[in-house]
Amino acid sequence: MNEIIRSIEAAQLKAEVPQFRVGDTVKVYGKIKEGNRERIQIFEGIVLKRQNGGARETFTVRKNSNGVGVEKTWPLHSPNVEKVEVIRRGKVRRAKLNYLRGRVGKRAKVKELVK
């Protein structure tokens with residue numbers, strides 16, 4: 001049974017997965033259906049966390065919109081995620097950045113990783 005599920009999930013994975021980590025600032029190009037039309041909307045923010053693995057892998061992106069924090073969780077291998085573009089790399093020391101939820105302004109920023 002386990003091998004059957006694993007083979008079905010392997011067929012649903014995307015061929016190319018973008019390389020990004022927690023703390024990176026990304027642009028997520030998401031498909032939105034409005035009636036019979038389909039368009040792409042960009043959601044730009046900091047990656048707070050990546051969860052699970054395989055076909056169930058998700059990532060959460062947080063941005064500030066008009067002074068209100070907005071978070072969206074996207075399935076990584078979903079056909080509704082057109083592409084994920086990394087804008088800047090973040091220097092963080094933990095896997096989940098939940099502490100950013102309570103911060104406002106300059107304190108909510110993540111330092112840029114300089115190589």
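We did not get these values from a lab; they are worked out from the coordinates using the rules stated. Note that this is a predicted model, so its numbers are computed, not measured. Ideal geometry is used to build each Cβ from the backbone, glycine not excepted, and the neighbour counts take in all protein chains shown.
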Original post:
At a Förster distance of 41 Å, what's the computed FRET efficiency of residue 115 paired with residue 37, Cβ-Cβ distance as r, to 0.05?
Top reply: 0.45
Subject >> Entry for Cα Rg over 2.2 N^0.38 Å (calculated from the structure that is shown) out of (1) 1.64; (2) 1.18; (3) 1.00 >> reply: (2)
**OP:** Could you sort out which of 31/96; 14/91; 31/109; 33/83; 63/106; 72/106 sit more than 19 Å apart by Cα distance in this structure?
**Re:** 31/96; 14/91; 31/109; 72/106
Original post:
Each residue of segment 43-48 in turn: what ³J(HN,Hα) in whole Hz from Karplus with 6.51, -1.76, 1.60 and θ = phi - 60°, glycine and Pro shown as x?
Top reply: 10, 10, x, 9, 6, 7
**OP:** Fewest Cβ neighbours within 10 Å first, please rank 113, 100 accordingly.
**Re:** 113, 100
**OP:** Pop out the ³J(HN,Hα) list for segment 24-35 in order, Karplus 6.51 cos²θ - 1.76 cosθ + 1.60 with θ = phi - 60°, rounded to Hz; leave Gly and Pro as x.
**Re:** 6, 8, 10, 10, 9, 8, x, 7, 10, 9, 10, x
**OP:** Would you work out the charge dipole size for segment 2-103 about its Cα centre, treating the Cβ of every Lys and Arg as +1 and the Cβ of every Asp and Glu as -1, and quote it to the nearest 20 debye?
**Re:** 620
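Figure the gain on full extension for residue 83 and residue 98 (residue separation times 0.36 nm, minus the Cα-Cα span) and round it to one decimal in nm.
3.0 nm
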Subject >> Residues whose placed amide H lies under 5 Å from that of residue 45, excluding near-sequence neighbours >> reply: 26, 28
Original post:
Of the listed peptides 3-13, 82-92, 23-33, what is their order by residue-averaged count of other C-beta atoms within 10 Å, with the highest listed first?
Top reply: 23-33, 82-92, 3-13
Original post:
Any idea which of 97, 30, 77 is furthest toward the positive side of the dipole for the chain, if Lys and Arg beta-carbons carry +1 and Asp and Glu beta-carbons -1?
Top reply: 97
